Structure formats: structure tokens, C-alpha cells
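Asks: My questions all concern the structure below.
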Amino acid sequence: MNEILEKNIDIFVAEVQDKIDKMWKLRFENLTKPILEKHIGQKWVKIVRTEKNESGIKRQSVYGFIAIKDHSTKFLGDVKVGNIHSPANFDKPSKHARGSVYNRDSWNAVNEWGVIGKPIHDCNKWIQDRINCESNQQTV
């Protein structure tokens, strides 16, 4: 993994952790906040979210995956370095990238709970396009 990619991953994880910390402070003040950890593999960095309950029992879930190599698989197709994927399960990323660590605008595709569907700005563009299309139809 090169230095630039590693730095971008660290920044991404730190910003997501900050989102989690803010949400917990606002809504879940009495609960222990989850901590994000990086697990580095050969092709992916798995971001794992760890929570402890009052008894000290750990619960882990996968927050998301970040590709650290350009590669191709039958299931995923072509994967570019830096792509952010939501988890399909604990060990595998989902099929389509939800963003990239190299594109901060795409980080709208994440929230406190994990990597979600389409980036929010894409959804807003789709809604705006629908509004423009409908208003153009009304004026005809």
C-alpha cells in the first residue's frame, strides 16, 4: 500500500470516527461509543466497528471495505484502488463501489452506521433532474 493511499484511508477512518463520536454524544450519551479499526489484507482494508456493552462483551460488525489494489473478480468485476464498498458479509465487500478515498465528495455515502447506498449528492441530482423534467413537462 502506498503512502498516499494509506494517508487517505487514515483520514477517511478518522472522519467517520468523528461522525460516530458526535452522534453518540448527541443521542447515546450513556452508551459506550463504537471504535473503528483497520484490518489490512492483501486486496482490502476491512473497517471493523467494535462496541462493548456494560458487561465488557465485544460486538463487532464490518463498517466497510476499501480496495488497496486494482484487481478483478468474477463477482465484483473491476475494482479500483481506493474504492469504498459496503459489506456483503463479514468477509466480503458488496458488488458496487459507493465512493473512493480519493474523492471526498463521495464520502456522503457513509454515515455513523456504515457505508450506505448511493452517495447522497447523486440522489439529490436525481431528484433535481426529476423536478426539472416535471416542470418542463408542465410548461409545454
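Only the coordinates and a few stated rules stand behind these numbers; no lab work does. In this text the structure is predicted, and so the values were computed from the model without any measurement.
Asks: Can you return the lysines within cross-link range of K92? Criterion is Cα-Cα under 22 Å, with same-chain partners fewer than 8 residues away left out.
Replies: K38, K43, K46, K58, K69, K74, K80, K118
Asks: When we measure straight from the Cα of K22, which lysines land under 19 angstrom away, once same-chain ones fewer than 8 places off are left out?
Replies: Here the lysines satisfying the reach criterion relative to K22 are K33, K52.
Asks: Read phi for every residue in segment 96-102 and hand back ³J(HN,Hα) as whole Hz from Karplus 6.51 cos²θ - 1.76 cosθ + 1.60, θ = phi - 60°, with x for Gly and Pro.
Replies: 9, 5, 9, x, 9, 5, 8
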